[in-house]
Each structure stands twice: as C-alpha cells, then as structure tokens.
Amino acid sequence: MLYALLGGADFGGGIWDLLARGPRADAQRQLIARAIGPVWETNHIWLIVAIVILFTGFPSAFAAISTALFVPMTLLLAGIVLRGAAFAFHAYHLHEDHGAGRWGTLFAGASLVTPVLLGVMIGALSSGRIPADPLTFTGDTASWLAPFPLSVGLLTLSAFSYLAAVYLIMETDDPDLRSDFRSRALWAAAAVALLSVFVPVIAASGAPDFHKALTESDWFVSVMMFYATAALGACVSLALCAYRIARICAAAQVVLILLGWGLAQFPFLARPAITFSSSASAPSTLRLLLLFLAAGAVLLFPAIFLLMRIFKREALSGRYRETP
Amino acid sequence: MTELLLARAQMAMLFAFHILFAVAGMGMPVLMVVAEAAYRKTGKPVYQELAKRWARGTGVLFAVGAVSGTVLSFELGLLWPRFMEFSGGIIGLPFALEGFAFFAEAIFLGIYLYGWDKVSPLLHLLSGVAVAIGGILSGIFVVTANAWMNSPTGFSLVDGKPVDISPLAAMLNPAWKTETAHMTLAAFAASGFAVAGIHAFMLLRDRENLFHRRALAIALGVGGVAAILLPVSGDFNARFIARHQPAKLAAMEGQFRTERAAPLRIGGIPDVDSQTTRWAIEIPRALSLLAFHDPDAEVKGLSAFPRDEWPNPVPVHLAFQLMVASGATMSVLALLSALFAWRRREWLYRRRFLIAVAACGPLGILSVEAGWVVTELGRQPWVIHGVMRTADAVTTVGGLAIPFAFFSLLYLALGVSAAWLLKREVSASPAFPLDGGGGSEPG
C-alpha cells in the first residue's frame, strides 16, 4: 500500500514529464516553445520530486544506484542542464530573429540524448547487475553499457517523441502543421511498436530475471492485449484525424508500458538484490514523507489546475487563438 | 589532487554557482511584488514596467537555479553516496518540502510571467506573493538540512547506523532557526544590493530616468532593512556556534589557545605551524563578549581539539573577515540611505552616493559566498558534525576529475549566457521622464 502510493507519485511524475520532455525540435519550434513555455518549469520539478522520494524513502537504493550508474546518471544530468537552460534561453529569445537558433539546436540535441539515458538507467535497474552495496562497486559498466539497457533507451526516446507529436497536433489549428505532426506521430508509433516487441526479446538474455517475471506472470497477456488495443486505436484515430481519441490512446499506450515494466520489476527497485522493503527508510520517515506528499498534493493540485486552465484552455478545447 | 579533494572541489563549485541563483530566487520575487503593489496602489505605469522587468530577470535566474538545484540533488548521491545512505531517511524530508515550495514557486512564476493580461489584478499580485513565499520557504527548508549537518539530532547511533529516527526532531535541530534566519536576510540583502547597484549604475548615465530612481528606492529599501537586521541574526549564529561548534568558532576567529577574556581579531592571517594569528588588530575581551555576552568568558581555541578534527583556519578566518566586512559596509550604507530618505531625499540621487551604491552592489553576493565558505569549511573534517567524516562519505567511483572539469565548463557557459541575457535586459532600459511623474507611456 505504502509503496503503491509512493510508486503512484513517481509514476504521475513520469507522465507529466512525458508531456514536456519529448519534442524533437526539428521544425515548428515556435509551436513547441509556445506549447511548453508556461508549463515547462512545473514539469521539470516532477523529476526533483522523484529523486527526493528516492533518497528520503529509499536512501540505500539511492546510494547503490548512483554509484553503479554514476556515468549514465552524470550524463543524464548534463542533458537535463543543457535542455533546461537552452530551452529557457531559447524561449526568451523567441520574439527576436537572431540568437534563438543556437539555443534551439542545443535544446533539440539535449532532448534527444536525455530520454535515451533515462531509458538506459531504467533498463539497467532491471538488468540484474546493480550491486547492493556501493562499497563493492568496482567500476563495472556492464550494467548499463549493454544491448538491453540501450534498447530500453531507444524505446523511451521513441515513446516520448510519439507522445509529444500526438499532443502537439492539438496545440495548433494550422492544417499543415497538424499534418506534419500527424505523420511524425505515425512514424514514432511504428518505432514504438517495433521496439516494444524487440525489448522483451533482448531481455531474455540481457535481463533474464526481469524477462521471467514479465512473461511468466498471469497479467502479462492481458496487459499486452490492452497495449495492442491502445496502439491500434491510436493509429486508427490518427489516420482518421480523431486527434482527441489518439491522444487518449497514445497516453494509455505509454502508461501500459510503464505499468508492465513496474509490475515485472516489483518488488525490486534495482535487480538483483535491492527491493523496496530492503532499502526503505524507518517507518517514521515513510509515514511523514507520505503525509507531506499528500499535503503537498492537496495544496499544489489546485495551483496546477489553475495554471493549466489559464494557459492550456485553447489547446484542450481544440482551438488555438493566435497570440498577437 | 585526491579523489576526495576532487569531489569536494566539484561540490563546492556546484554550490557556489547554485547559491547565486538560489539567493536571487528568494530575494528577487520580493522586489517584484513590492513594485507591483506600488503599481496597483498608485496606478503609475513606471511601477508596472519595473515589476515586469524584474519578473523577467527573476525568470532567467530561476530557470538556472532550477537546473543547478536539480544537479545538486543528484550529485549528493553521485559524489556522497554514503552520506545520503546514512542521512537520507533522517533529513530527506526538508528536501521533499523544498520540492513542494519550489514547485509552488514555479507554478506561480509561470502565472506571473505569462498572465499579465490573462488573470485579474488581485490574482496576479497574489501569484507574485506566492512566488515570494515559495522562494523563501524553499531556501529555509534547504538551509534546515544544512543546519542538521551542523547540529545533527533526531536519531541515535548504534554500530555506526542511525536508529530511533525522528525526522521532525532532525528538522527542528538546534541550529535551524538561527541559520535559516541569517540566510534569508542575507538573500534579501544580496538581491537588494545587487539590484540597487545595477540601477545606481544606470542612473549615473541617465540621472533623470524615473524608472531607475523608483527601482533604486525599492531595491535599497528591501536590501537595506535586511542589511540592518543581518548583524543581529549574525550575533545569534555566532553565539550558537560558540556553544555547539567551538572548533568552528576558533577557526573563524583565528583562536588557537583556549583563553578567558579572549580578544576579537580583525583581519590577520592564521599560521597553523606557529599556532598564532599574525597581523590582526586585537580588541581586548571583545570575542568573549560577543560570543558569550560575557567579557571574561572562556573561548576554546583549536588546540583544545585533536589535530585531525581541526577545520583549516586560514580560509575559514579569511572568509569570515570578508563576510563581516561586506556586511558591515552594507549596514552603514543602509543606515545612510535611510537617513537621506528621511531628511534629504534628493541626496539619494547624487553622483557620489550613486557611485557608492554601485560599488557596494556585489558586496551582498560576496558575503553570501564567504558566509557559505565559513559554514562549510568550518564544519570540516565532518560532513555530519561529530558523526560522519567527509572522507568516509565520498563515492568509490574513480576518475572524478572528468565530471569536475565537465561541469565547470558547462556552468561557465551557463553563467556567461545568463549574465549576457541579464545584461541585455538591463541595458535596454525604458525611459520614464522625471517631470511626467511616472504617468507617461514608456518612450
């Protein structure tokens, strides 16, 4: 129960991150910046909340993970810094002609690399090669520099791009822009579909315990069915230009990937030895953490709602009013 | 350099950078809200323009603070995994609270920046207030965690592991009140004086511009009040340190021998080999008086502690002198401007005074950096005072020179870019002619 709630908060963070993190800005930068501008900072902070939950609730797991995955985590950080700063500066310059381009390139580059690294870390947590005691770490890179984590990285990247493309369709009412993002969404959907078959296959050798937990579970078939339905629904509604339904289907698809990963990974935080319960803090800390999270949610959700209502109204209703 | 030194150097660099933006995130929203309140009350567009400009500056600084803060929360684990393993469950909660406060700050800053014509005036002003409160609270929570490192409570040690953990008792550690009050005031003083310095500099070129005059008045007001209160909170801090971290006090004051009626040393350089502080101006009994409010009290010197528990007195003493000197100068300037504002308002805009304000602009930031050096280096060799040594907290991962070099370059680029953006923002200042009383449109 405790872990489900904590996991839920983490999970919500993931979804929110997805909203902001995906865009590959190879064109339509204005649209992307306009869509992300007011909500970017807010989305970014979910990441901080997630890391704080990890080090407060599960400090020994945090120590072990940040030791074993030192290199990808450092690179991930660099990506986040570049992305965040480049985006802020880039958006700041949008009303001008010069200066925006360099930031935009940096933003796009960092946006490409960061989700891959995030996926690599997620893959590494499942690979079964994270030593439980940071003291025994010897500089081994096999936990993350292997086909399985790398394929998870690619899956993460394509899933983020897919979501972003589907979401961006409804941020504009220009038919050309819409069809641009529609074709991108379809390409990304194909990549996601391909990789979501490929990744479990590699897992058989790259993450055997995880693979076993995934494929031998009694929920595996039903999750896969739902997943296939959502994927199919997204493609069909994209083809039929039913963008609101496409949005829901695409989000469901990504939620199901995360759900499948989470269920197969549970009760482990980092395979093979670190579980939620083995790394959890004292009960007094966990109780307070939950209390604070709940109180924070009660205080912050109305504020987020207000923010969304003010700035995302046009997009949600499918209309977009051109700003003067 | 050893891996430990590299880890410390990287952490120091990351903090030194982040603290600049953290301080701005606490102080700038207050300036912005005061300007908007003045606009809502008087209806003069000059105040609205000011609030908008300061909000844009806050936006840039906040964005850099957000990313550099994220880096720190990861680097705590990357560089100091054993520290986090030990203390995450005890003192992680203020970070969670900080996350929420920071979150609120971000949400309302979004509304504030982009919502000038989308929300009602009252909601807009209240969003600004929420930004300011969020900024101040996030500073307080983070400094609370640092205060715990100075005065760890809320657990007992059994076989080197923490048991009987009470996170609330850890948060309400003895140092939290004095340390957070001092840091918050310092953040206001640093932001206020830096902003006042910039506008004073602009006024030197464009004396009649009402925009900069009003900006100077607000920034000096906020920074000045904080600067006058800082010595008071500093006194509370020093007396706390005298009781709880005597080795740190000894390093700060360059006090090697334990003595009664100890003198206060102004300036001077501690010499560890001969265990004396040379070339200092000594004021008899003043240290005992200040630290214990008793001119004959005994002050412990460094020699009272085992040699391997000494902080390095040279940087600690020098940084402490720098902090006090900057703080004192700011207090004097604050009192002077209060006097002018009360008796001869025009003197605030005289050339000589403007030069003084412009010159004192960096002092607040300087004293924040110096004060942070005092509290961090003064706590060494401990990462958790009396409980865990810094050397025992560091990661086993080698090759730390690479991330250190990498993040240094990255932050250098980031700092230069942010400075360049702010400079453009400042130099494109709007003109509000003096005789229009601020009622005219920007030209």
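Values computed for the structure shown
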| item | result |
| --- | --- |
| Cα-derived Rg to Rh of the protein assembly as shown, Kirkwood definition | 0.99 |
| Relative contact order of the range A:224-276, defined on C-alpha pairs under 8 angstrom at six or more residues apart (%) | 28 percent |
| Ranked A:275, B:2, criterion: other C-beta atoms within 10 Å, fewest first | B:2, A:275 |
| Residues residue A:248 and residue A:297, FRET efficiency given R0 of 22 Å [Cβ-Cβ distance, rounded to 0.05] | 0.40 |
| Relative contact order, percent, chain B [alpha-carbon distance under 8 Å, six or more residues apart] | 20 percent |
| Distance in nm between pseudo-label sites at residue A:239 and residue B:56 (7 Å out along the Cβ direction from Cα) | 4.9 nm |
| Volume per residue of the C-alpha convex hull in chain B, rounded to whole Å³ | 152 Å³ |
| Residues residue B:16 and residue B:282, FRET efficiency given R0 of 22 Å [Cβ-Cβ distance, rounded to 0.05] | 0.10 |
| With Cα atoms, 0 to 90° folded angle of helix B:313-343 axis to chain B main axis | 30 degrees |
| Ranked packing of B:337-345, B:414-422, A:51-59, most packed first, by mean Cβ within 10 Å | A:51-59, B:414-422, B:337-345 |
| Placed amide H near residue B:388: partners under 5 Å, 5+ positions off or other chain | B:383 |
| The protein assembly as shown - charge dipole about Cα centre, Lys and Arg +1 at Cβ, Asp and Glu -1, debye rounded to 20 | 1660 debye |
| Long-range amide H partners of residue B:280 with built H, under 5 Å | B:269 |
| Sequence-distant residues sharing a close amide H with residue B:166 (under 5 Å, placed H) | B:155 |
| The range B:72-169: translational diffusion in µm²/s, Stokes-Einstein, Kirkwood Rh over Cα pairs, 20 °C, 1.002 mPa s | 140 µm²/s |
| Average beta-carbon neighbours from other chains, 10 Å sphere, peptide A:75-86 | 5 |
| 10 Å binning of all Cα-Cα separations within the range A:189-324, expressed as whole percents from 0 upward | 10, 24, 26, 28, 11, 1 |
| Extension reserve of the residue B:169-residue B:350 stretch, reckoned as 0.36 nm per residue once the Cα distance is removed | 60.0 nm |
| Counted charge near residue B:373, where neighbours are those whose Cβ lies closer than 14 Å (Asp, Glu -1; Lys, Arg +1) | +1 |
| Rg over Rh, two decimals, the range B:380-428 (C-alpha only, Kirkwood Rh) | 1.30 |
| Debye log10 I(q)/I(0) for the range B:1-120, one point scatterer per Cα, at q = 0.13, 0.19, 0.20 Å⁻¹ | -0.64, -1.03, -1.10 |
| Volume of the Cα convex hull of the range B:200-310, divided per residue and given in Å³ | 149 Å³ |
| Shielding of A:288-299 by partner chains, average beta-carbon count, 10 Å | 3 |
| Radius 12 Å from Cβ of residue B:54, net charge of other residues (Lys, Arg +1; Asp, Glu -1) | +1 |
| Within-10-Å neighbourhood charge of residue B:247 [Cβ basis; K, R +1; D, E -1] | +2 |
| For the range A:135-251, the fraction of alpha-carbon pairs in successive 10 Å shells from zero, as % | 13, 36, 27, 16, 6, 1 |
| Tilt relative to chain B, helix B:81-114 - C-alpha long axis, 0 to 90 degrees, to 10 | 0 degrees |
| Averaged over A:46-54, number of beta-carbon atoms from partner chains that fall within 10 Å | 6 |
| J(HN,Hα) series, the range B:71-78, from Karplus relation 6.51 cos²θ - 1.76 cosθ + 1.60, nearest Hz, glycine and proline x | 4, 4, 5, 6, 5, 3, x, 5 |
| Nearest-ten-degree value, helix B:3-42 long axis tilted from longest Cα axis of chain B | 30 degrees |
| The range B:410-421 - phi-based ³J(HN,Hα) in whole Hz, Karplus 6.51/-1.76/1.60, Gly and Pro as x | 4, 5, 4, 4, 5, x, 4, 5, 4, 4, 5, 4 |
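Only the coordinates and a few stated rules stand behind these numbers; no lab work does. Here the structure is a predicted model, which is why all the values come from computation and not from measurement. As a convention, Cβ positions derive from the backbone with ideal geometry for all residues, glycine included, and neighbour counts pool all protein chains shown.
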